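Structure record follows, encoded as structure tokens.
What follows draws every value from the coordinates through simple rules; no lab data is involved. None of the values given here were measured: they were computed from a predicted structure. Every residue, glycine as well, gets a Cβ built from its backbone with ideal geometry; the counts of neighbours run over all protein chains shown.
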Amino acid sequence: MVALAIAIGAPGIGSADAQPPRSIDVVVDVEGSDRHAIVVNAVADGPRRPVVIVLHGGMGSAARMRASSGFDILAAREGFIAVYPDGTEFGAGRRAWNTGYLLRRQVRDADDIAFFDALIAVLVRDHGADPERIFMTGGSNGGMMTFVYGVHRPEKLAAIAPVVATMFAFDPVPAVPLPILVINGARDDEVPLEGGMSRNPLVRGAQAVPFKPVDEVVAFWVRANKSLPDGATVVDGTVTTTTHPAGPGGAVTESVVDSAGGHGWPGTAARRDGNEPIGSFRGAERVWRFFKDHGRPAGPAPGGKSGAGDTLGVTGPSPDAP
């Protein structure tokens, strides 16, 4: 595994006097293939910083997710490293993640678990990442990949936050509890709350199996996390938040459903008529508010590669996700 870091320009943020966060392109060799990630606000020395790995949706890219998600501004303000990896390209700049159940031929069995293993190791070794505060989030297909990596590598992460996404299977179960925030919109036609096949024909045509209902996904994580089964529910306008606190030796499981929200990263513009993303909050701010209070128990720095049994298959498109 070889990694290179190349300085690239960073867009201006904040006031005219604010210093834009440092931005580099990190290239990681994974089984003979170069995999790329944009790394923002890394440090060469000084105190280690938390990391938020932000995964784009199907047919998206690292650059598009960086431009639309809002994490750059938060990274500069809150002092964390924002990382935007690129999925596997399958034509005309369209990229996706290997979740195992969509577009197997297009994504060509890319080992995204090995990619994230190697990327995290490089971030810790070379870019000032705090191994006890590595977080992952993503929208749509990126949220589905967040579920997959959280299930297979919970010991490498401090918390995850899949957004407008769901799971395809409940096997295997995470080896250790992992704090999770699950965000969905009740008017999402592409990843419907009730599960089943997508109501978007492009996504439905690429699905190998139905989506799991979101309430079953939350119940899966409540059990896996040893969260308290009786959650506390708060309704604020269109947003319903249910929090299952950690039980003994467990982790918190939190779910957010916006009754007015459709598909897409929260706080962004709609990309097609009749599909308005969640507008009651900004996704980056809500996700970071959950992440900032969590840390992984101290242990060996993450590293290594995934085994053959961890390669899950392939990803799928979510045309409206950033």
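For this structure, a couple of remarks:
- Burial ranking of peptide ranges 116-125, 54-63, 247-256, 225-234 (average Cβ count within 10 Å, highest at the top): 54-63, 116-125, 247-256, 225-234
- Set of segment 231-252 residues, backbone N closer than 19 Å to the point 7 Å along the Cα-Cβ line of Val176: 246-252
- Cβ-based exposure ranking for His152, His244, in which fewest neighbours within 10 Å come first: His152, His244
- Per-pair calculated FRET efficiency, R0 = 22 Å: Ser33 and Ala208 via Cβ, rounded to 0.05: 0.40
- Ranking of Trp288, Trp265 by count of other Cβ atoms within 10 Å, fewest first: Trp288, Trp265
- 3J(HN,Hα) from dihedral phi, segment 84-96, Karplus parametrisation 6.51/-1.76/1.60, rounded to Hz, x for glycine, proline: 10, x, 9, x, 7, 6, 10, x, 6, x, 7, 10, 7
- Modelled this way, with points 7 Å down the Cα-to-C-beta line, the labels at Glu89 and Ala44 are 3.0 nm from one another.
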